[in-house]
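These notes are about the structure you will find just below.
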Amino acid sequence: MHLVEDRNSEPVESIEQLVDYFARGNKPRAQWRIGTEHEMIGVYTGGEDVGRAPPYGGERGIAAIFESFVSSGCWEPVHEGENVIALVCAGAQMTFEPGGQLEHALRPLQHADELSASMAGNVTQVAEPSARLGLAWLSLGFRPFGGLEDVPWMPKRRYEIMRAYLPTRAALGHEMMKRTATVQVNLDFSDPDDAGSKLRCAMGITPILTALYANSPAVNGKLAGFQSYRSRVWLDTDPDRCGLLPFAFEDVDVFRAYAEWALDVPLFFLHRSGDYRRVGGITFRRFMRDGFAGERATMDDWALHLSTLFPEARLKQYMEVRGCDAGSFEMIAALGVLSRGLLYDDEARRQAIALTDGLEFADRLALARDVPRGGLATPVGGTGRTLGDLARDLVVIAAEGVARQEPTELAYLEPVRVIAAEGRTQADRAVDLWREHAGDLPRLIRALAYPGLTGER
């Protein structure tokens, strides 16, 4: 992830400043990089706590994991009050989500081999303290064991405010916060036209990626008939700030269109004097015009606000593709290469856009509603094709795009190529493991965990 953005306390006096914020992220092609972020779901592996989520504190909590990283020498802690809420090291970051999901944000790199090596290094560091504490990390997109109330809240001030606000907007906001796990890829752009083309492509292929990466079939301790329950949860989180953006499929200045959209999304909070302040759900447009409680809008506020918007592809001073369940390390690495092939190659991007270009926006919304259960079998409008058909085409297009840029990285696409060709997803594999190990929870946990992160010494 691009961890440091061009942020400052300059007062906001015009929309042009907000539009220019995106333009400051423009980079020439030679400087384009790829970053990945992935979240992992932790569970205890034995004893009375087997299958339970870890709390923040205590001898076996998330804080103990962070302490082990700090003692390793490279990682520097970020504090909020007395709590360590993040770790940073050489441009990478580790933090936690509201339900204790461990998030790794790898620094942006040029080559897949570098990303893979960076990811492997993180795994090695997580493995030792996790084994000592009896924690496994599940390769899934949704916490499968226990209910919502069984998952402890993590101590971040911003989470307290989000926790209060999101249930006023939709039914599953707390599920999103506490039990989902995502993998995303972060990409660069060169100018508004390039960013607009990439946003259109990313939004258009989101349902295909969601189906390819589906990996959350179990809910509340049982199989629930979903390929991606994680994507179902996001549909009912906050209609103001989530989902697809209609202007992405229109001929617009994407920087201005995104700014105009973001201006009318309610703020979660402001950050002042090291603390987060509730703002009563006013929009950024109103805050910019009228202020709030004696405070005036700054560019810092704008950057923070943009980080609290959750569309399927998010624009900051780089672009995030966000529609995939967390899964295997091989699939995480594949997403970076897949995205390079589709979004960093002009011809591949044109072909990928064309896969869904004939759909009306209502058809796109229908796909978003149907893919959580249907996965690759989901019909695509009235085309007579399924998302599985489009997935096979998409992987071929991506491979051709990779071959024109970094042909040595083609092998990284093999996991998604197999899923597209055979029509069997990570969710299908998880269902098989669930049925095979039903009645033996510790064994099931080991089967669903990342290799090396099974909680065993």
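The values are calculated or read from the model by the stated rules, or taken from the named source; none is laboratory data. Note that the coordinates shown come from a computational prediction; the quantities given were computed from them, not determined experimentally. Ideal geometry is used to build each Cβ from the backbone, glycine not excepted, and the neighbour counts take in all protein chains shown. SASA here: full protein model, heavy atoms, side chains in, ligands and nucleic acids out. Shrake-Rupley method; radii C 1.70, N 1.55, O 1.52, S 1.80 Å.
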Can you tell me which residue is modelled with the lowest pLDDT among those in region 424-457 that are open to solvent by 50 Å² or more (accessible area, probe 1.4 Å) and in contact with a helix residue (DSSP H, G or I) (Cβ under 7 Å, 6 or more places away or on another chain)?
R457
Those residues of region 58-73 which are open to solvent by 20 Å² or more (accessible area, probe 1.4 Å) and on the phi < 0 side of the Ramachandran plot amount to E59, R60, E67, S68, V70, S71, S72
Take the conditions within 16 Å of V418 (Cα to Cα), assigned to a helix (DSSP H, G or I), open to solvent by 20 Å² or more (accessible area, probe 1.4 Å) and charged (D, E, K, R) and apply them to E347. Does it pass?
no
Restricting to region 135-168, what's the tally of residues that are in contact with a Lys or Arg (Cβ under 8 Å, 6 or more places away or on another chain) and under 25 Å from V183 (Cβ atoms)?
11
Of S190, S197, S130, the only residue that is closer than 17 Å to I41 by Cβ and at pLDDT 95 or above is S130
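Tell me, please, whether a residue that is under 15 Å from V416 (Cα atoms) and in contact with a strand residue (DSSP E or B) (Cβ under 7 Å, 6 or more places away or on another chain) can be found in region 188-207. Show your work before the answer.
Here is the first cut: in region 188-207, the residues under 15 Å from V416 (Cα atoms) are 205-207.
Remaining after also requiring in contact with a strand residue (DSSP E or B) (Cβ under 7 Å, 6 or more places away or on another chain): 206.
Yes, some residue in region 188-207 is under 15 Å from V416 (Cα atoms) and in contact with a strand residue (DSSP E or B) (Cβ under 7 Å, 6 or more places away or on another chain).
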When region 202-226 is checked residue by residue, the ones that are of a type in the set (V, I, T) and either over 16 Å from F142 (Cα atoms) or part of a loop (DSSP other than H, G, I, E, B) (or both) are I205, T206, I208
Counted residues in region 215-237 being over 20 Å from D363 (Cα atoms) and charged (D, E, K, R) come to 2
Would you mind stating whether P55 is more than 30 Å from L413 (Cβ to Cβ), part of a strand (DSSP E or B) and either at pLDDT below 95 or open to solvent by 30 Å² or more (accessible area, probe 1.4 Å) (or both)?
no
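Mind telling me which of the residues A399, A352 ends up being of a type outside the set (F, W, Y), under 26 Å from I34 (Cβ atoms), touching a Cys at 6+ places or on another chain (Cβ under 6 Å) and open to solvent by less than 50 Å² (accessible area, probe 1.4 Å)?
On the way: A399 fails: touching a Cys at 6+ places or on another chain (Cβ under 6 Å).
Of A399, A352, the one residue that is of a type outside the set (F, W, Y), under 26 Å from I34 (Cβ atoms), touching a Cys at 6+ places or on another chain (Cβ under 6 Å) and open to solvent by less than 50 Å² (accessible area, probe 1.4 Å) is A352.
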Counting only residues that are open to solvent by 30 Å² or more (accessible area, probe 1.4 Å) and either modelled with pLDDT under 95 or in contact with a Gly (Cβ under 6 Å, 6 or more places away or on another chain) (or both), how many does region 358-383 have?
5
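Within region 406-423, which residues are under 16 Å from N215 (Cβ atoms), open to solvent by 30 Å² or more (accessible area, probe 1.4 Å) and within 22 Å of the chain's Cα centre (by Cα)?
Residues of region 406-423 under 16 Å from N215 (Cβ atoms): 415-416, 418-420, 422-423.
Now drop any that are not open to solvent by 30 Å² or more (accessible area, probe 1.4 Å), which leaves 415, 418, 422-423.
P415, the sole residue that qualifies.
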Going through region 226-269 one residue at a time, which ones are of a type in the set (K, R) and under 21 Å from V19 (Cβ atoms)?
R241, R256
Quick one: what pairs do we get from region 163-179, first residue in contact (Cβ under 8 Å) with a residue 12 or more places away in the chain, second among the small types (G, A, S) and surrounded by 20 or more Cβ atoms within 10 Å (Cβ to Cβ), C-beta under 7 Å, 6+ apart or different chains?
L166/G173; M177/G99; K178/G99; R179/G99
Cβ pairs under 8 Å, 6+ apart, first in region 382-408 and farther than 23 Å from P372 by Cα and of a type in the set (D, E, K, R), second modelled with pLDDT under 95 and open to solvent by 50 Å² or more (accessible area, probe 1.4 Å)
E406/H111
Identify, please: which residue in region 1-50 is modelled with pLDDT under 95 and aliphatic (A, V, I, L, M) and is, among those, farthest from M299 (Cα to Cα)?
M1
